[in-house]
Amino acid sequence: MDHAPLGAIALNGAGVITYVNQMARDIADDWQIGATLHHTFDPSADSWAVGERQVHVSPLALSSGQGQLLFLSDLTDITQLEAQYRQSQKMQAVGQLAGGIAHDFNNLLTAIQGYTELLLDRHGPGDDAFADLLQIKQNTTRATNLVRQLLAFSRQQSLRPKALDVGPVIGDLVLMLSRLLGELVSLDTDLPDSLPPITVDQGQLEQVIINLAVNGRDAMPDGGQLSISAAPVTLATSLAHRLGQVPPGSYVRISVADTGQGIPAEILDKVFDPFFTTKPQGKGTGLGLATVYGIIDQSGGYILCDSQVGRGTCFELYFPVADALPEHGEVPPVADAPPTIAAPAKTGPARILLVEDEAAVRTLALKALEKDGHDVTVAEDGEEALDLMRQGAGPFDLLVTDVVMPGLDGPGLWRAIEEEFGPMTAIFMSGYAEEELRKALGTDGGQVTDTHFLAKPFSLKSLMRMVGQVLAGG
């Protein structure tokens with residue numbers, strides 16, 4: 001019985017333990033022969049809470065008045081895994097929703113920004129409307145930054161990862177962080193002379209550290225201490241956390257801890273949700289930690305949060321160790337490096353096929369390209385564009401197309417054109433990250449010849465500039 005996978009306890013009629021096996025003793029130290037079992041079994045609930053453990057109970061009544069035999073199953077690990085799975089699924093679903101919202105907002109922001117540019121061309125600094133138009137443009141820029149944070153949370157932003165030692169990166173942030181934290185918060189760092197390399201976008205990692213530091217500062221309105229440390233760690237077994245598990249392996253762990261107010265247990269699972277914030281209205285967007293979560297997850301890392309009310313909060317970031325740092329003087333390879341485009345030159349009018357399902361964006365792009373003197377043929381989706389080609393509308397010098405469209409999407413249209421009509425240079429416009437385009441093209445690892453990427457929201461000038469550069473380059 002001591003080797004049985006279930007706990008077993010025998011009780012006499014007075015509730016005194018007459019037998020207990022090893023599994024039951026592992027569940028609770030005070031379950032010993034001769035002790036009285038103080039837990040009351042509730043047949044309707046068929047479980048006990050034993051300390052922090054959740055135990056399923058299957059009772060077997062002995063002959064009348066002689067007591068019970070209880071079989072116990074420790075469900076603690078299973079319950080934790082179920083909770084982690086539910087939380088992970090929720091974060092994935094919210095991330096997909098956030099990415100879809102960001103894509104739609106980028107279309108709207110492209111239209112707002114473009115029409116504002118057109119009005120600014122007609123209303124100069126001396127015009128009464130000029131200041132109002134500048135306000136619209138500035139607020140569009142703020143909205144664009146918020147959408148970028150949504151894309152970060154949904155793991156759909158463009159990253160430029162490289163292998164680096166994060167110690168010097170964090171060290172370089174110390175002066176700026178000291179100014180951000182103010183005089184009431186002291187900053188303590190513990191960074192070794194060298195750390196194993198991790199593969200991460202340096203700018204995004206800096207954003208993560210800054211966001212966590214600012215959150216810690218806000219949790220200490222009366223002052224306190226913020227500690228940032230980094231160390232190599234090796235996990236022999238999986239490390240469970242609220243959103244899943246950190247697999248065994250070699251990592252660099254970055255810890256950011258404060259001595260602030262702490263986070264109540266009932267909201268700890270919500271801190272990475274976009275737009276969730278405990279700050280007063282107007283004091284935060286609720287996207288800081290959502291952005292942190294998205295950047296770390298997209299970088300292949302993990303984030304753990306531990307907090308106690310009144311004692312502070314600690315965030316631990318785990319990044320897998322990379323194979324090696326680049327040699328001294330070597331430029332690290334970038335998987336999705338942008339293409340090299342020749343210097344712009346006056347190419348004269350070009351024949352352009354413009355494909356965009358969002359009417360406002362389509363109209364703006366048409367105005368911008370025609371203003372540059374190009375001959376533009378417009379289609380509302382991929383099927384219409386392909387039909388125009390088959391009806392003899394071509395040939396075209398350039399395809400400018402949205403990526404995500406109902407029916408035939410941008411990458412599918414480009415492939416169909418190349419198969420039927422030969423090579424076609426293309427500019428892909430999208431509110432999603434460039435990585436999503438690469439996946440759609442089936443080239444996660446790098447650049448495709450004659451394809452270029454323009455992120456939404458874009459200005460009309462940036463569209464015209466890219467078209468000019470692409471045409472000049474070939």
Just checking, does segment 326-338 include any residue being within 35 Å of the chain's Cα centre (by Cα) and either at pLDDT 90 or above or on the phi > 0 side of the Ramachandran plot (or both)? yes
Of the residues that sit in segment 216-234 and are in contact (Cβ under 8 Å) with a residue 60 or more places away in the chain and in a strand (DSSP E or B), which one is surrounded by the most Cβ atoms within 10 Å (Cβ to Cβ)? 230
Give the residues of segment 169-204 that are within 21 Å of residue 301 (Cα to Cα), at pLDDT 85 or above and not β-branched (Val, Ile, Thr), sorted by residue number. 171, 190, 191, 192, 194, 195, 196, 197
Note on residue 385: of the conditions (1) in contact (Cβ under 8 Å) with a residue 40 or more places away in the chain; (2) surrounded by 15 or more Cβ atoms within 10 Å (Cβ to Cβ), unmet is (1)
State yes or no: is residue 277 more than 30 Å from residue 470 (Cβ to Cβ), modelled with pLDDT of 50 or more and either touching a helix residue (DSSP H, G or I) at 6+ places or on another chain (Cβ under 6 Å) or of a type in the set (Asp, Glu) (or both)? no
Within segment 193-205, can you find the residues that are more than 15 Å from the chain's Cα centre (by Cα) and either in a helix (DSSP H, G or I) or free of Cβ contacts under 8 Å to residues at least 24 places away in the same chain (or both)? 202
What's the total number of residues in segment 119-130 that are farther than 20 Å from residue 461 by Cα and either surrounded by fewer than 11 Cβ atoms within 10 Å (Cβ to Cβ) or touching a residue at least 60 places away in the same chain (Cβ under 8 Å) (or both)? 2
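The values are calculated or read from the model by the stated rules, or taken from the named source; none is laboratory data. This structure is a prediction, so every number in the text was calculated from the model and none was measured. All Cβ positions, even for glycine, are placed from backbone atoms using ideal geometry, and neighbour counts span all protein chains on display.
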